[in-house]
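Peer 1: Quick one: structure below, then a few questions.
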Amino acid sequence: MSPSKTTIRNYGLVLEIRDERNRIFGGFNPLPKIVVNPSGQWDLYKTNREVQKNNFFDSYNCTGYGWNGGIEFDLNRLGYKNTDKSDRRTGIKAKTRPPGNDPRKVAQAIHEHGVVAEMSLPFSDEIKTVEDYYSYKGGSEWKCDLEGETFLNIFDFRYEELWDDMPEKDERIKTIKECLTYGVVLASFTAWNEQNGVYVDGGKRNTHWAIIYGWTDRGWKIFDSYDNAEKVVSFDHKIEVAMRFILIP
């Protein structure tokens, strides 16, 4: 029997019952803790901001944009060039469709299929429908699969959740700040309710998936794939799911 789903008005986030086999930060068989950025601030390694929609439709692929963007941050840190990855191809391999996907499924798809360059399957002007978006129009499936395998021959992509049950605010802040010394953090948020320059959850469920790349004295700095903007999310914001990853050469 497939797990039940909780689907809410969202920007591409659909949270399912988590797989108990998934790694948990600090739990059994966690990822290694390798400090690569002691400051926890990733501004120097910013990736290009990309949007999950155009004038015709919304792809609901925030989970793909988030994970790819996180990988791009790390590749920038490692000094790679032309790090932009195809969000369409990641969405295809994760079987993403409106109203969205679970970020844990998308991470597993990357673990199994790798990622490919944006130019290999671009979000070009000829992509005018959701059906176009989640197809190999403008690219080649077998070439993308070969490129994905090449990526996995270079890197082992591993991921884990930062918690099973969401901790209290102080513990969330402590955990995320620690994990930001290992890499950017991917997290769920409630989009978008701004109060005094920061975004709050308003007591509502999370609806979006984005990159945490540091913090200010007011909250988390995030990349938003929906409107091509950078935002600050309040430390009080209840983050239901947060994850990290490592690329092991």
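The values are calculated or read from the model by the stated rules, or taken from the named source; none is laboratory data. In this text the structure is predicted, and so the values were computed from the model without any measurement. All Cβ positions, glycine included, derive from the backbone under ideal geometry; neighbour counts span all protein chains shown. Heavy atoms of the whole protein, side chains included, go into the accessibility calculation; ligands, DNA and RNA do not. Shrake-Rupley method; radii C 1.70, N 1.55, O 1.52, S 1.80 Å.
Peer 1: When Trp192 is evaluated against the numbered criteria (1) open to solvent by 60 Å² or more (accessible area, probe 1.4 Å); (2) without any contact (Cβ under 8 Å) to a residue 60 or more places away in the chain, which criterion, by number, is the only one it fails?
Peer 2: Checking Trp192 against (1) open to solvent by 60 Å² or more (accessible area, probe 1.4 Å); (2) without any contact (Cβ under 8 Å) to a residue 60 or more places away in the chain, the one that fails is (1).
Peer 1: Could I ask something else about it? Is it true that Asn76 is touching a helix residue (DSSP H, G or I) at 6+ places or on another chain (Cβ under 8 Å), open to solvent by 10 Å² or more (accessible area, probe 1.4 Å), on the phi < 0 side of the Ramachandran plot and not in a helix (DSSP H, G or I)?
Peer 2: When the stated conditions are applied, Asn76 does not pass them.
Peer 1: Next question. State which residue is surrounded by the most Cβ atoms within 10 Å (Cβ to Cβ) when the search covers only region 91-130 and only residues that are of a type in the set (Ser, Thr, Tyr), part of a loop (DSSP other than H, G, I, E, B) and over 16 Å from the mean Cα position of the chain (by Cα).
Peer 2: The selected residue is Ser124.
Peer 1: Which condition number in (1) outside any helix (DSSP H, G or I); (2) surrounded by 16 or more Cβ atoms within 10 Å (Cβ to Cβ); (3) hydroxyl-bearing (Ser, Thr, Tyr); (4) in contact (Cβ under 8 Å) with a residue 60 or more places away in the chain is the one that Ser39 fails?
Peer 2: In the conditions (1) outside any helix (DSSP H, G or I); (2) surrounded by 16 or more Cβ atoms within 10 Å (Cβ to Cβ); (3) hydroxyl-bearing (Ser, Thr, Tyr); (4) in contact (Cβ under 8 Å) with a residue 60 or more places away in the chain, Ser39 misses (2) alone.
Peer 1: Tally time: how many residues in region 139-169 are buried (at least 16 other Cβ atoms within 10 Å of the Cβ) and of a type in the set (Gly, Ala, Ser)?
Peer 2: Total meeting the criteria: 2.
Peer 1: Hey, could you check region 195-206 for residues that are open to solvent by 10 Å² or more (accessible area, probe 1.4 Å) and in contact with a Phe, Trp or Tyr (Cβ under 8 Å, 6 or more places away or on another chain) and say which is nearest to Asp43 (Cα to Cα)?
Peer 2: Tyr199
Peer 1: Cβ-Cβ under 8 Å, sequence separation 6+ or interchain: first residue in region 71-87 and closer than 11 Å to Glu118 by Cα and of a type in the set (S, T, N, Q), partner assigned to a helix (DSSP H, G or I) and open to solvent by less than 10 Å² (accessible area, probe 1.4 Å). Which pairs?
Peer 2: What qualifies is Thr83/Ile71; Thr83/Glu72; Thr83/Leu75; Ser86/Asn68; Ser86/Cys144.
Peer 1: Quick check on my filter: what residues within region 213-238 are surrounded by 22 or more Cβ atoms within 10 Å (Cβ to Cβ), touching a residue at least 60 places away in the same chain (Cβ under 8 Å) and in contact with a Phe, Trp or Tyr (Cβ under 6 Å, 6 or more places away or on another chain)?
Peer 2: Tyr213, Ser225 - these are the residues of region 213-238 that are surrounded by 22 or more Cβ atoms within 10 Å (Cβ to Cβ), touching a residue at least 60 places away in the same chain (Cβ under 8 Å) and in contact with a Phe, Trp or Tyr (Cβ under 6 Å, 6 or more places away or on another chain).
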